[in-house]
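Notes for the one structure printed next.
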Amino acid sequence: MNDILETIRVLVVDDEERFRTTLLKILKAKGIQAAAAPDGAAALAEIERCAYDVVLLDVKMPGMDGIEVLRNLRERGCPAEVIILSGHAAVDTAMAIVRHGAFDYLLKPCDIEDLIDKIHAAYDRKAGTVLH
């Protein structure tokens, strides 16, 4: 199972530096390859540069918000599964996330084991290995 963990590539997109840094350390400790971007524009540039399996995407960021980044990813045909992280629950945000094809939505702060489970499930769906 550890071989699978090492193949998961995750991009963390969040404007809060402390959150990004902490999450990167946790993911790497769990055997997940992870990188970070501080905003939507940097995330789109990073995804053009390197392929990711899962994108952890904050909703509220200066400049381009998470919904706009998600929409942009889908328009570009990016195959990465997107898990939205938000500090604020809102029905209109949740509807936009579903409309643009996000894998899941978690409220911050979220339980780290729940987040790791969601990353694995998103990776499995992207890889086409979900068993029903």
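The values are calculated or read from the model by the stated rules, or taken from the named source; none is laboratory data. Here the structure is a predicted model, which means the values were calculated and not measured. Here the Cβ is made from the backbone with ideal geometry for all residues, glycine too, and neighbour counts use every protein chain on show. For the accessible areas, the whole protein counts, side chains as well, though only heavy atoms, and no ligand, DNA or RNA atoms are used. Shrake-Rupley method; radii C 1.70, N 1.55, O 1.52, S 1.80 Å.
Among the helices (runs of 4 or more DSSP H) confined to segment 1-119, the ones with at least 1 residues that are at pLDDT 95 or above are located at 17-29, 40-49, 66-75. Inspect all residues belonging to segment 61-74 and state whether any of them is under 23 Å from T7 (Cα atoms) and open to solvent by 10 Å² or more (accessible area, probe 1.4 Å). So far as segment 61-74 goes, yes, one or more of its residues are under 23 Å from T7 (Cα atoms) and open to solvent by 10 Å² or more (accessible area, probe 1.4 Å). Test A122 against the stated conditions and say whether it is open to solvent by less than 30 Å² (accessible area, probe 1.4 Å), within 11 Å of the chain's Cα centre (by Cα), of a type in the set (A, V, I, L, M, F, W, C) and farther than 20 Å from D15 by Cα. It is true that A122 is open to solvent by less than 30 Å² (accessible area, probe 1.4 Å), within 11 Å of the chain's Cα centre (by Cα), of a type in the set (A, V, I, L, M, F, W, C) and farther than 20 Å from D15 by Cα. G77 falls short on exactly one of the conditions (1) surrounded by 11 or more Cβ atoms within 10 Å (Cβ to Cβ); (2) on the phi > 0 side of the Ramachandran plot; (3) not charged (D, E, K, R), and that condition is (1).
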